[in-house]
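Structure first, commentary second.
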Amino acid sequence: MDFKRILVPAGGGGADEGAMELACRLAKKDKGQIWAVYVITVKRALPIDAEIEPEIATAEKILDHIEEIAENQDCEIETDVLQAREAGPAIIDEAVEKQADVIIMGVSQKKRFGQFSIGNIVPYILKSAPCPVILLQQ
């Protein structure tokens, strides 16, 4: 499989680093392109394009860190901050728009009610993705 167009949704956790490093290795191998996105979830009470300064600052900080990882791997990426009601559909829309060949996501191990949990976003992406999805557990 050739992975020339790679989408890396960043969540701000430690697992983002491994996902970005893998994306860079694959992109170098196939002379591919990488897009890293961070999705700000906007509450329904606010307009979708509301200027939410603290969240925007957090998103930019996370994407700056992702860019540093890519730079250390001698890899070029494009980053974008998205605002949406829900992260899962926004990531899928981005994958469709960019015609992604693969989505690479870092997954942090969480416990909910004493059980391992990957939340709601990852299952949505696995179910709806128009391309293969690679999950990298932290």
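The values are calculated or read from the model by the stated rules, or taken from the named source; none is laboratory data. Only a predicted model underlies this, so the values are computations on that prediction, with no experimental measurement involved. All Cβ positions, even for glycine, are placed from backbone atoms using ideal geometry, and neighbour counts span all protein chains on display.
Worth pointing out:
- Residue ID - surrounded by the fewest Cβ atoms within 10 Å (Cβ to Cβ), chosen from residues in segment 90-130 that are free of Cβ contacts under 8 Å to residues at least 60 places away in the same chain and under 18 Å from Gly32 (Cβ atoms): Glu97
- Filter pass, Arg85 being more than 14 Å from the chain's Cα centre (by Cα), over 18 Å from Ile6 (Cβ atoms) and at pLDDT 95 or above: yes
Every residue, every condition in (1) acidic (Asp, Glu); (2) assigned to a strand (DSSP E or B); (3) on the phi > 0 side of the Ramachandran plot; (4) touching a His at 6+ places or on another chain (Cβ under 8 Å), yes or no:
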residue	(1), (2), (3), (4)
Glu78	yes, yes, no, no
Ile92	no, no, no, no
Ile104	no, yes, no, no
Pro130	no, no, no, no
Leu136	no, yes, no, no
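- Residue pairs whose Cβ atoms lie under 6 Å apart, separated by 6 or more positions or on different chains, with the first residue in segment 25-39 and within 18 Å of Glu94 (Cα to Cα) and the second of a type in the set (S, T, N, Q), are Ala36/Thr79.
- Of the residues making up segment 41-56, not a single one is without any contact (Cβ under 8 Å) to a residue 60 or more places away in the chain and under 13 Å from the mean Cα position of the chain (by Cα).
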